[in-house]
Structures are given as structure tokens and as C-alpha cells.
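The values are calculated or read from the model by the stated rules, or taken from the named source; none is laboratory data. Remember, it's a predicted structure, so these values are computed and weren't measured experimentally. Glycine also receives a Cβ, built like all others from the backbone with ideal geometry; neighbour counts cover every protein chain displayed. Surface areas here come from the heavy atoms of the whole protein model, side chains and all, with no ligands, DNA or RNA. Shrake-Rupley method; radii C 1.70, N 1.55, O 1.52, S 1.80 Å.
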Amino acid sequence: MIKLFGRQIQRSLTKDLIVGISLSLAVLLTALGAIFYFYLTERYSADIQNRSEMLSDEIAHVLSRPAWNLDHDFATHIASAYLHNEIVSGIRLIFSPETVVFDHIPDHNGQDLFGKTRDIYFENDFFEPHVVGEVEIWFSRHQIHEMQNNIIRIVGVTLLSSIVIIVLVIQILMSLLLKRPLSSLHKSIRSIAAGNYKSFIRPVPQEDINAIISDVNLMAECIADHTSRLSLEINDRKQVEKDLRERGRQLQSLSDNLPDGYVYQCIMSDDEKRFTYISAGAQRLHKVSVTDILADYRAFYNLFTEQDREHILEQENRATETMSQFNTTARYISPDNELRWMSLTAAPRLTAEGDLVWEGIAMDITAQKNLEEQLRQSQKMESVGILAGGIAHDFNNILQAMSGNIQLILMHKSKNDHDTKRLEIIAGSIDRAARLVRQLLLFSRKADVMRQCLDLNTIARDSIVMLQRIIPKMISVQFAPDENLWTIEADPVQVEQVILNLGTNAADAMLEGGRLTIETKNVDLDDDYVSSQLDIQPGQYVMLCISDTGHGMDTVTLASIYDPFFTTKEVGKGTGLGLATVYGIVKSHGGSIHCYSEPGQGTTFRIYWPRAVNEPALKALDQPEVESSWIVKGNETILVVDDDLDILELTAEALEGYGYQILTAASGEEALSKYSERKGEIDMVILDLNMPGMGGRQCLDQLLTKDAAVKVLVASGYSLTGQAADVLKSGAAGYIGKPFQFSELLIKIREILSKGE
């Protein structure tokens, strides 16, 4: 673009060519015009010179006779006539001797004149030529100037006309031969520039332009190909960027929404440590601003206890030396002033700049720690329960031997005998020991269970009446029942024992008075709650809540409350089996028990009993009630089988005292041998279960194989919920648990023998 006369003029190749060619032609034509001008001027000037010479000679010749005759008038007339010539401007005529006959000299001002002087000669046949006068003739160059002006006008008009015509012709030719192809090329290039890479430019006759068009078409094809590939790459890159952004948003969302944790990144450069990222979970868990941690890395480590803080830094230093991942646990104090556990997993890496970057994840594992503790506690209680069940069986055998001997001695003592009272005291102690063993069996979940559908509110009300009789009067008992309470399937005696045990423990914790609250409620435990508990499944439960306002317990005491024989009471005021028994009862019913307590804040027990389903209630095998009048003598033959020789001899002696014929066997193998020898004589078998060798269960199966009608009474230290129940289902006629009274044994014998009759 150029500026001409203050206006912006758009330049183009056609315009530039037209202007260039026009200027060139103008210069050429101007040069030709100048040459023509100078040529004509010189030629006309030479013609004027020739004419002036000829005219001067003519005038001098014509005036020769008047000059000879001195005829002034005629000479004047001739001179005046020549003044009318177009190139003659003045004449001076001098006759000899120095006589000016005619003098017409023009003014030189503004005129371009030149003069010619000629001598006037006269000659004839008589005289030699001699000068008779002189004539001066002045000529004007006006005609030359006129001719020059005419030439200039003609040449100028011709030049301008030629230039205009030539410019028009050039413009037409340029439009046809250059502008149109270039315009088409320009449109196609603009179409290509607009993205239409498939635009094809048609060839033109001009070879040079056609070469450009061919190159442009080739360029368009290359651009189209590259654009296609670039478009695919751009689309792929956009998709990758979109995926990366989405992945970034997902990671950001995941990290920010970790329910019990957060992720973090810190960088160490030039011995300077700073956090570059920490997710929003840190603020939720610690109630500390993320900005504070990003501003000062020490704010992160100050979240943990001092001892664990040093441990974390030590682990980081070790991992830095080996450039390996580390995993550790640390404790922190929650905003609720609760000591909680955090798992830290982090790994170091080096950046291209050589900086050390730590990237890690912190997860609150308090729930996991609690589950692990519950698992350890459950495993411990399971182990203790197994041990308690085994001890209870063996202890029952010992008590049976002791009780049997006392009973035999008392049979031969009168009421007034001075040893009778002492023997009865011993028998009472044996009964208390038997009750203690029963508590062990309850804890080990091997005691007899008499389940039935019942209303927990009714059991609770009855238990409260009993509690109010035995706890101090300064303790108020409040009952908050759910009137629409679901039924549960449980042993009413054992449920009552749970309430009484927990109630008396609560009373012992409120020596100066307080409040005991018993509450029942329907609850629906969902997955969220159950996920934090180890020993319970989702479903519907009836909750029994017993809370007090006593002195509470610390965490050390809480960890051991269900251990058998663990007690915080003074010596002689507790056996340490109360809560162990409660635990065993609840577990045997498929329930769950949880204790919440803090020093000075009281204690709350929450027990979840499964809701009863629409199925027949589970019941223990019924044992018909018999009166003591049924204890009669007999004369049948009984085979007593027991590996404990004391119990074997004692039982044989007692039964023989009531008229029975007794055979004894110390093992299952011996019992089978004797039964085979005297098969038709043996009316009944009293069989212990836990014996070396084949054992009682296998012995029973063998006896039933030999004689399907054999009557077998199982006498065992195990409960009906254990091996005894399976044995009874296999074909045993009855069960009696050790330790037993001989009166109970005699009644059971007559009951079984009477069935055959």
C-alpha cells in the first residue's frame, strides 16, 4: 500500500505492471518526441537559414538597377514589398555614397532576430560588376518558434493519446492474460487458507503461472495430508488431554473424598522442605487448615504425638537412604480429644532437577485397629472358652466323685450323727462348685439352653423387681421400654441372669448412690455400623441397654472385663465370672455385647439380641418331671461304662445298694466285649462320653449296631448343647449331666426302664 496525494492506494501486481509499463512507454515516447522535436526544429531552422540566404541574394539582385539609377522611390517600393514576407522583419537600404534610402529596422525587444548584409552589385555588358549600394535584411525566427510550439502540441497530444491507448490496451491484456489467472489463483489460495485443502486450481495457458498453480495444487495436497494427520494427532492429543483432565479430576475427587484419609506431596530442595499438595481430608480429620500445612511443613508433623513424630522422621530418613517406600503407623489426637491411629505410606523419587519428592497417603485406621483388637479379644475369649469347657468337664468328673462319696456316706448316717452336718456342708460346697462350673459352661457357650420366643420387656420388668430387692435403696432404677418391641428367641433364665449380673455390677460401681437405667429398643443395624464391628451381622435386633452413673472404667480395665476370674472387687466379693458368663450367654444366642465407659463418666452396656424369626423356637430335649416317690429299687442288670475308676466304683456301689445287678467297664472296647458276652442279660447301659480309645460316641454306635433296642443313658460332664445333644439324636435313651445326685440318677434309670415296660 502506498500513499499518493494523501490517499492510501492499494498496490497490486497488475497495477504495478501497468504503471511500470506505462511509465516505460511514456519515457520512450517522450524521448522519441524530443528527438522528433529537435529534428524538425533543426530542419526548419536550416530551411529558414537557406531561405534567408536566398531571399537576401534576391533582394540585393532586385535592387541593383534602382540603386544604379538612384531611383529611391522604386527601391523603397521594392523594400516595402519584401517587408510583407513572413520571415522578413526589417530592411535598411543604403545607396552610394552612404545614402540611406530605406530604413525599417525592427525593435529587438522580445523578438528573436538575425540579420544578413548584402552588397548591391550592378553589372551589364558594358560595365564590370561594382558595388552600387548595401542592403541589411533582418529575419525573424518567429516561425521557428511557432513551428516548435506546434510540434510540441502535436507530439504532446500524440504522446498522451498513445500512452492512454497503450495503458488501456495493457490493462485489457493484463486483465486477460494476468489478472484473471492471478485472481483465480488468489481465490483458490484463499479457499485453501480457509481450510478447503481439496480446492483444485485449473491450469492456464501461461506456462509460468501454470507452474505456480501446479506448485500451489501440490502444496494444497501436502497441506491436506499434513492437516489430516495433524487433525488426527490433535484429536488424539485433545482426547488424551481430556482423559488426563478427567483423570486429574477423578484423582482430585478421590483424594479429596477419601472418607478416612488424605494424600500429600512434599519436596526437598537445598535442604528446604515444603508441602506442595495435601488433599481436603486432612482438614476433615485434623481440623487444620491445608494452607497452614502448605505454608509450614512442621504443621503436618505436629499433628502426631511427639514419640510417633520422631518415628516418622526416622522412617523417612531410612527410606531416603535406600530410595524405597516405607509404611508406618502413628497416633494423633483428634479434634474430639480422642487418641486415634493413622497409617502412613510414602515413597521418595528424584525429579529431573535433582529435588527429592515425597508422595504419600495417610489413612485413619482406628476402626481397623479396633477390629483387630476385637478379633484378638474374640480369639482370646474363644480360646479361654474352649479351655473353660474342657476344665468344666474334668471338674464335673471330680465333683461327681466327691458328691457321690458324700451321698453314700450320708445314706448310712442318721440325721443326729455329729458328722452329718459337716458332710452336708461339704455337699453344699460341692453344689456351689457345680454352679461355678455351670457359669464356666455358660461362658464357653456349652451350657444347656432352653430357648423360646419371649418379650424382653417382661423379663426386664421381672428382673428389675428382683434388683430393687438386692441393691441399695439410694440407687434409683429407671426403665425405658419400647412398647412395640420385637420378640426374641432366648432362654428366659439366662436373659434374666444377664440383667441381674449387669445390674449388680452397676450397683457395686455406685456405692454412694446413683441411677441405673435399663432401656429396650428395636434397632436395624446396617452395613455402615456392622463394618466397624467384628462379631455381628446386618439385620434386625432388640437392644438391651444397661447404663449407670458410677465411677466408670479405664481402657486397661475395659480390655479385660470379659476374662474369666478377672475382677476389680475386693477378695471374697466376686468370682470374676459375672461378665464372662454374660458374654457367654450373649454369644450363645448369636448376639453382640458392647461396653462404653470412661473414668468418672459411668458405664453403658449395649446388648443386641437377634429378632425372632417365624420359625419354631429351638428347645432343649425335654426331660419329664418325676417325683421323688418314683425312686424305687430294681433288680435289672446295668452296664456302667466310665474311664474314671472312682466314679465307676461309686456308681456301681450306689446302684447295687438299690438292688440293681451291676457290670462295669473302663473303656468302650471293654463295654462292647461284655455286652456281646451277656447281650440278653443287660437291660441298660450308663455310658460316659469322654473316654480314651474309641470314646463314648463310637461305643454307642457299635452298641446300636449290635442291638437296636439297647437302652443307653449318657452320663457326661458335657452339656446338652455339646456332644451330648448329638449322641441323643443318634439313639441314646436319655441324658444326665455330671455332677448328679444319685436320686436323679435312680429316677432317670426307672424312667428309661419303664419305657420298655
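Just the accessible area per residue of region 44-154, please: how many Å² with a 1.4 Å probe?
58
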Is the shape of region 637-755 best called rounded, prolate or oblate, per the rule: a/c under 1.5 gives rounded, else a/b larger than b/c gives prolate, else oblate, with a ≥ b ≥ c the square roots of the Cα gyration tensor eigenvalues? rounded
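Sort 515-522, 746-753 for me by packing, meaning the mean count of neighbouring Cβ atoms within 10 Å per residue, highest on top. Intermediate values should be presented prior to the final figure.
Details: 515-522: 18.6, 746-753: 20.1.
So the order, starting with the most tightly packed, is 746-753, 515-522.
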Any idea of the accessible area per residue across region 253-369, 1.4 Å probe, to the nearest Å²? 55
Taking the Cα centre of region 637-755 as the origin and placing charges on Cβ (Lys, Arg +1; Asp, Glu -1), which of ALA708, SER676, TYR660 is farthest toward the positive end of the dipole? ALA708
Calculate, axis by axis, the spread of Cα positions in region 200-277 along the three principal axes, and write the results as whole Å, longest axis first. 80, 34, 10
Please list, in chain and number order, the residues 5+ apart from TYR735 or on another chain whose amide H is under 5 Å from its amide H, with Hs placed from the backbone. VAL714
Compute, for MET323, the solvent-accessible surface of its heavy atoms (probe 1.4 Å) with the complete set of protein chains present, and express it in square angstrom to the nearest 10. 80
From phi via Karplus (6.51, -1.76, 1.60), per-residue ³J(HN,Hα) for region 399-415 in Hz, x at Gly/Pro: 5, 4, 5, 5, 5, x, 5, 4, 5, 5, 5, 5, 5, 9, 10, 7, 5
Kindly list the residues of region 157-183 that lie in the label zone of LEU25, defined by a backbone N under 13 Å from the point 7 Å along the Cα-to-C-beta vector. 159-175
Using 0.36 nm times the number of residues separating GLU372 and LYS415, minus their current alpha carbon distance, what extension gain do you get? 9.5 nm
Gyration tensor (Cα) of region 254-309, equivalent ellipsoid semi-axes in angstrom: 19, 14, 10
By average C-beta atoms within 10 angstrom, highest first, the peptides 257-263, 605-611: 605-611, 257-263
What pairs from LYS421/LYS748; LYS413/LYS738; LYS706/LYS729; LYS674/LYS711; LYS679/LYS711 go past 20 Å between their alpha carbons? LYS421/LYS748; LYS413/LYS738
Estimated FRET transfer efficiency (SER183, ALA46; beta-carbon r; R0 56 Å; 0.05): 0.50
Starting from 0 in steps of 5 Å, tell me what percent of the Cα-Cα pairs of region 120-255 lands in each bin. 2, 7, 8, 7, 6, 6, 6, 5, 5, 5, 5, 4, 4, 3, 3, 3, 3, 3, 3, 2, 2, 1, 1, 1, 1, 1, 1, 1, 0, 0, 0
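Over region 636-689, give the accessible area per residue in Å² for a 1.4 Å probe, as an integer. Before the final figure, lay out each step's value.
Details: 2110 Å² over 54 residues.
On a per-residue basis, region 636-689 sits at 39 Å².
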Amide H to amide H, which residues 5 or more places from SER89 or on other chains are under 5 Å from it, using H placed in the peptide plane? TRP138, PHE139, SER140
Sticking to Cα atoms, compute the Rg of region 629-680 to one decimal and its Dmax as the biggest Cα-Cα distance, whole number, in Å. 11.7, 37
For TYR297, other-chain or 5+-apart residues with amide H closer than 5 Å (H placed, Pro excluded) are PHE275
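Roughly how many percent of the accessible protein surface of region 630-669 is carbon and sulfur, given a 1.4 Å probe and a whole-percent answer? Walk me through the numbers before you get to the answer.
Values: 810 of 1770 Å².
Using a 1.4 Å probe with all protein chains present, region 630-669 comes out at 46 percent carbon and sulfur.
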